[in-house]
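Here is the structure we will look at.
The values are calculated or read from the model by the stated rules, or taken from the named source; none is laboratory data. Values in this document were obtained by computation on a predicted structure and should not be read as measured data. Every residue, glycine as well, gets a Cβ built from its backbone with ideal geometry; the counts of neighbours run over all protein chains shown.
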Amino acid sequence: MRAALNPSYRPQFYRDLLEADIFIINYAESDSEEQNNTMSESFELKVPKIERNEQAWLPVFSSLQRLQEFISSETAYVVLKGRDFFELARDVHIVLNPDSDYGKEFIPQEIERMLDGSIFQPDQRYIAQEETAFLIGRPAVYPTSLVKALCEYFAKNKFVNRAYLVQLYNPKSGEPPHLLIAIDASRDWERIVGDAGAISSEVMGKDDIVDFMRLDDSDFSQHIINSTRPVYQKSFLKKLFGR
């Protein structure tokens with residue numbers, strides 16, 4: 001599970017997890033049909049809880065092997081699609097593959113955003129309704145981890161051609177100076193900006209603001225292009241072969 005170590009894989013990890021099989025310990029009394037891991041209409045799910053930092057979590061597993069590594073004796077389990085399980089467990093804390101190097105905790109707000117798709121969308125959108133004086137410059141502290149994660153994601157996306165990093169200050173927004181990632185993308189913009197936002201949320205602190213914009217023919221875009229070097233640029237060979 002590369003997403004456990006590399007934030008650039010997180011957006012696809014969320015998508016894959018919703019469609020993947022999830023293995024769940026089930027302490028509920030089961031009829032013969034349920035013991036074979038198929039669901040009857042009277043299906044009951046009783047998942048044991050584990051304690052972490054004074055918080056109760058429901059353990060689930062990405063494979064039967066992960067489940068077997070966790071338990072100390074034979075136990076019943078069921079298999080559900082990720083989306084079906086998260087629909088049942090919207091309001092609880094879930095830990096995937098506990099005590100594993102490939103674990104991941106999910107809080108209720110994160111689960112809700114996965115299910116409604118908002119985790120793949122920008123938190124806010126800003127459209128300047130009038131002429132606005134933006135101030136841009138170099139970041140006071142270079143976000144090395146963020147740039148590394150985003151560049152790895154951009155390299156896997158055939159529609160991203162290049163990206164620039166600046167520090168932006170908009171006096172009318174009421175926000176402090178913050179990072180702006182300007183992206184040249186040929187298509188699939190909504191998915192790209194949603195994924196990039198999800199990656200930045202994983203890498204940066206809660207109070208750190210990161211904005212994204214799509215480069216176009218505007219004077220502002222041209223100013224960014226002409227005043228700074230790209231932090232990511234698709235290689236000539238990838239452009240040539242469309243990968």
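I'm trying to understand the selection: among the residues of the stretch 1-26, which are part of a loop (DSSP other than H, G, I, E, B) and at pLDDT 85 or above?
20, 26
Suppose we filter 135, 146 for residues that are under 21 Å from residue 222 (Cβ atoms) and in contact (Cβ under 8 Å) with a residue 12 or more places away in the chain; which single one remains?
Result of the check over 135, 146: 135.
Please tell me if residue 149 is assigned by TED's automatic domain parsing to the domain that holds residue 186 and at pLDDT 90 or above.
The answer is yes for residue 149.
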